[in-house]
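*Asks:* Handing you this structure, nothing more for now.
The values are calculated or read from the model by the stated rules, or taken from the named source; none is laboratory data. Quantities reported herein were computed from a predicted structural model and do not represent experimental measurements. Cβ placement follows ideal geometry from the backbone for every residue including glycine, while neighbour counts extend to all protein chains displayed. Each accessible area value is taken on the protein alone, full model and side chains, heavy atoms only, with ligands, DNA and RNA left out. Shrake-Rupley method; radii C 1.70, N 1.55, O 1.52, S 1.80 Å.
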Amino acid sequence: MPNLFTKNTLFYGDNLPILQECFSTESIDLIYLDPPFNSKRDYMVFKEEGEGENPAPLQAFKDTWPWDAATQATFEDLCLNASLPLKKLLQTFYDLLGPKQLTAYLVMMTPRLVELHRILKPTGSLYLHCDPTASHYLKLLLDAIFGTKNFRNEIVWKRTSAHNNTKTGFGKIHDRLLYYAKDIRLVCFKPVFEAYKPAYLAAEFKQDEQGRWYKVENLTAPASGGTGGKFCFRGRTPGPSRRWSMKEEELERLWQAGRIKKDQEGRPLLRGQIVYLEEKKGRPIQDWWDDLRRVGNTAKERLGYPTQKPLALLERILQASSNAGAWVLDPFCGCGTTLVAAQKLQRNWVGIELNLQTAALHQKRLEDLFGLFPQRDYEVK
Ligand SMILES: C[S@@+](CC[C@H](N)C(=O)[O-])C[C@H]1O[C@@H](n2cnc3c(N)ncnc32)[C@H](O)[C@@H]1O
């Protein structure tokens, strides 16, 4: 069955039947999902009704998960029909936690994660945005669905610097993103870089006689890594636990260009590669993200939708795990941040959102930022 959409599309409805009925197997390059976190809260948006009137609360979405008849039926169905590791895991959750909210939340997430795994291309990636309330259980679910070998990172996003909830524990200031590849051997991943911090620049870089900033880097790698190998280059061989980080021809090219420092006997220094600042892309982003600010009260991008995520967070994920023209899906798309990032970076996008009240918000956001109109520039289903 081909996908039941051919261009950028916004679906309104429950994502489970939409994923099952409208998405073909292995058709999506990148999935970011930011589902409700089991916060046991109902989120509201306030809409100004008019002058002099009180703002009217609209329910944006519920984040409470009673163990009801529908949950029991889904649980029983999964215990019969899911893969063996998933059946065992769900039964363990039930035994450990009982028929409670957290178990109901995990039962709700399970068939959705199974579907998301099905529709990912072999080169595809999934980022599940959650917080410590349930991240450890969600990781077990993802391990059972994707296989432990396809787990890539647990990214910590420090969303704020301090929180008031410090009376009975430490302030809760971070979210987590669980990043999995459909297949670790084929996954599309491109490192993303950030500019060096001034303190790092001052500590690591020096100026040469021509005023160019440079850094001296190691020419060797641990014996288990590096593409060079163990050999004698111009009178020097790396120690027992090390090897050259590049092939002999490349070392020779650097030597001839004067890009390797020498010791007093004229032999190459193992830590002697001269690299100029303008050749460096910056610091590769690690799994600890403390440089992306949450969407605060005064942020320009703020729409007033609860749990809106910063555009920069989505841009980073899309840059790392997709190319222009890729298909990006957000099955819990809230106020549409992923769609905006995808449109900005020339990716194709599909968003699914349960709450019909967000339709006007999505459509206005896409029109204001890109001049896009529903049905003309993208489909609404
Ligand atoms: C945490 S918010 C996502 C926020 C989003 N990342 C953003 O930046 O705006 C979760 C969203 O998932 C939606 N949602 C909850 N259950 C859903 C379901 N079964 N199908 C589709 N959307 C759902 C909620 O209405 C809510 O808008």
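*Asks:* What number of residues within segment 175-214 are open to solvent by less than 50 Å² (accessible area, probe 1.4 Å) and either farther than 29 Å from residue 317 by Cα or in contact with a strand residue (DSSP E or B) (Cβ under 7 Å, 6 or more places away or on another chain) (or both)?
*Replies:* Result for segment 175-214: 16.
*Asks:* Follow-up. Inspect all residues belonging to segment 131-145 and state whether any of them is at pLDDT below 95 and polar (S, T, N, Q).
*Replies:* Taking every residue of segment 131-145 in turn, at least one turns out to be at pLDDT below 95 and polar (S, T, N, Q).
*Asks:* Anything in segment 39-75 that is at pLDDT 75 or above, polar (S, T, N, Q) and open to solvent by 30 Å² or more (accessible area, probe 1.4 Å)? List them, or say none.
*Replies:* Within segment 39-75, 64, 72, 74 meet the criteria.
*Asks:* Also, I was wondering about something else. Say whether the condition of being in contact with a Ser or Thr (Cβ under 9 Å, 6 or more places away or on another chain), loosely packed, with under 14 Cβ neighbours inside 10 Å and more than 27 Å from residue 152 (Cα to Cα) is met by at least one residue in segment 264-271.
*Replies:* Yes; the residues of segment 264-271 include at least one that is in contact with a Ser or Thr (Cβ under 9 Å, 6 or more places away or on another chain), loosely packed, with under 14 Cβ neighbours inside 10 Å and more than 27 Å from residue 152 (Cα to Cα).
*Asks:* Under 7 Å between Cβ atoms, which residue pairs at least 6 apart in sequence (or on different chains) link something in segment 120-133 that is open to solvent by 10 Å² or more (accessible area, probe 1.4 Å) with a partner that is modelled with pLDDT under 95 and not in a strand (DSSP E or B)?
*Replies:* Pairs that qualify, where the first residue is open to solvent by 10 Å² or more (accessible area, probe 1.4 Å) and the partner is modelled with pLDDT under 95 and not in a strand (DSSP E or B), are 131/37; 133/37; 133/38; 133/39.
*Asks:* While we're on this one: Can you tell me which residue in segment 135-174 is most open to solvent (accessible area, probe 1.4 Å), limited to those that are touching a His at 6+ places or on another chain (Cβ under 8 Å) and closer than 16 Å to residue 125 by Cα?
*Replies:* 145
*Asks:* Confirm whether residue 287 is loosely packed, with under 15 Cβ neighbours inside 10 Å and under 29 Å from residue 195 (Cβ atoms).
*Replies:* Yes; evaluated as a whole, the condition is true for this residue.
*Asks:* Let me ask something else about it. Please state which one of 167, 172, 158, 121 is at negative phi, in contact with a Pro (Cβ under 9 Å, 6 or more places away or on another chain) and assigned by TED's automatic domain parsing to the domain that holds residue 36.
*Replies:* Criteria check complete, one pass: 172.
*Asks:* Of 379, 301, which residue is charged (D, E, K, R) and modelled with pLDDT under 95?
*Replies:* On inspection, the qualifying residue turns out to be 301.
*Asks:* Still on this model: Report, by residue number, each residue of segment 338-352 that is within 15 Å of residue 5 (Cβ to Cβ) and near the ligand (Cβ under 10 Å from one of its atoms).
*Replies:* Result: 339, 351, 352.
*Asks:* Starting from segment 88-109, keep only residues that are on the phi < 0 side of the Ramachandran plot, then list their pairs with residues that are outside any helix (DSSP H, G or I) and open to solvent by 30 Å² or more (accessible area, probe 1.4 Å) whose Cβ atoms are within a distance under 6 Å, requiring at least 6 positions of separation or different chains.
*Replies:* If the second residue must be outside any helix (DSSP H, G or I) and open to solvent by 30 Å² or more (accessible area, probe 1.4 Å), the pairs left are 99/67; 101/65; 104/65; 104/67; 105/65.
*Asks:* Related question: May I ask you to list the residues in segment 19-38 that are open to solvent by 10 Å² or more (accessible area, probe 1.4 Å), more than 8 Å from the ligand (Cβ to nearest atom) and touching a Phe, Trp or Tyr at 6+ places or on another chain (Cβ under 9 Å)?
*Replies:* Across segment 19-38, the qualifying residues are 22, 27, 29.
*Asks:* Can you confirm whether segment 314-322 contains a residue that is more than 14 Å from the ligand (Cβ to nearest atom) and part of a loop (DSSP other than H, G, I, E, B)?
*Replies:* Yes, because at least one residue in segment 314-322 is more than 14 Å from the ligand (Cβ to nearest atom) and part of a loop (DSSP other than H, G, I, E, B).
*Asks:* Further, regarding this structure: Considering each of 294, 243, 267 in turn, give the residue that is assigned by TED's automatic domain parsing to the domain that holds residue 129, touching a Lys or Arg at 6+ places or on another chain (Cβ under 6 Å) and not aliphatic (A, V, I, L, M).
*Replies:* 294
*Asks:* Residues in segment 134-170 that are over 15 Å from residue 107 (Cα atoms) and touching a residue at least 60 places away in the same chain (Cβ under 8 Å): how many?
*Replies:* Of the residues in that region, 8 qualify.
Results for (1) farther than 11 Å from residue 110 by Cβ; (2) not in a strand (DSSP E or B); (3) not β-branched (Val, Ile, Thr), shown as yes or no for each residue.
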| site | (1), (2), (3) |
| --- | --- |
| 61 | yes, no, yes |
| 73 | yes, yes, yes |
| 79 | no, yes, yes |
| 87 | no, yes, yes |
| 91 | yes, yes, yes |
| 99 | yes, yes, yes |
